[in-house]
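The values are calculated or read from the model by the stated rules, or taken from the named source; none is laboratory data. Because the structure is a prediction, the values reported are computed rather than measured. As a convention, Cβ positions derive from the backbone with ideal geometry for all residues, glycine included, and neighbour counts pool all protein chains shown. The accessibility values were calculated without ligands, DNA or RNA, using every heavy atom of the protein model including side chains. Shrake-Rupley method; radii C 1.70, N 1.55, O 1.52, S 1.80 Å.
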Amino acid sequence: MDAEIDVYELLGISIGANEKEITKAYRIKALQYHPDKNRDNPDAAKVFHDVKSAYDLLSDPKQRGEYDERQRARLAKRQRQNALSSQRKRMKSQLERDERAARSVHVEQQAREQQVREEAARFRDEALKAEWRRDKQMREHVRQAHAAEEETAQHAQHAAEVLSEADELDRTIRVRWD
């Protein structure tokens, strides 16, 4: 008989069943699963054997006491595991909440950092554009100044040419003393 099979469940009785109830349940199950009555069911012989073993176990008070003790130990172990499982589930859900919170904080921080980088890039671009405009204005001012100097130089050269063309008498002053 398999150690995992609950003999009380196999016979369909409660744990507190007396000898008479055990015998009655055994007879019903034995008739139900007897191999001669279930020729087309290949598992009937195995179930019949398990039912017989369960009856033999529950008929002997010493074996029944040992079995009941093992069952109580299994049940207590299962309850401890379930308690641990629920505790583990709570811990897991708490860890998942904490991880989600940390992830959202990290995502928010990355978003803020990205926003700062974008704003710095925008300021840099604006500063470069302003510098380019100032340079353009300065070049225009320098060009205009050079143009004015050239014009002044051309006027001066023209005046010098005009003066050189004038004859010497036109350039001398006659003064009379009386």
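A 1.4 Å probe run over the chain, with the rest of the protein chains in place, finds 86 Å² accessible per residue. Note on I15/K62: beta-carbon distance plugged into 1/(1 + (r/R0)^6) with R0 of 22 Å gives a FRET efficiency of 0.85. Candidate cross-link partners of K29 among the lysines, defined by an alpha-carbon separation under 28 Å and a same-chain spacing of 8 or more, comprise K20, K37, K46, K52, K62.
All alpha carbon pair distances within the range 42-140 were sorted into 10 Å bins beginning at 0; the resulting P(r) in whole percents reads 12, 14, 14, 11, 10, 9, 8, 7, 6, 5, 4, 1. Taking Cα atoms, how many degrees apart are the long axis of helix 44-59 and the longest axis of the chain, rounded to 10 and kept between 0 and 90? Its long axis makes an angle of about 70 degrees.
The long axis of helix 19-33 is offset from the longest Cα principal axis of the chain by roughly 70 degrees. Taking the 1.4 Å solvent-accessible surface of the chain as the whole, the part contributed by carbon and sulfur is 53%.
Peptide packing: for 83-91, 62-70, the average count of neighbouring Cβ atoms within 10 Å per residue gives the ranking 62-70, 83-91, highest mean first. With a/c under 1.5 counting as rounded, go ahead and sort the chain into rounded, prolate or oblate using the C-alpha gyration tensor (a ≥ b ≥ c being the square roots of the eigenvalues; past the cut-off, prolate if a/b is larger than b/c, else oblate). Prolate is the answer for the chain, as a/c is 1.5 or above and a/b outweighs b/c. Per-residue 3J(HN,Hα) values for the range 63-79, derived from phi via the Karplus relation 6.51 cos²θ - 1.76 cosθ + 1.60 with θ = phi - 60°, read 5, 5, x, 5, 5, 4, 5, 4, 4, 4, 5, 4, 5, 4, 5, 4, 5 Hz in sequence order (x marks Gly and Pro).
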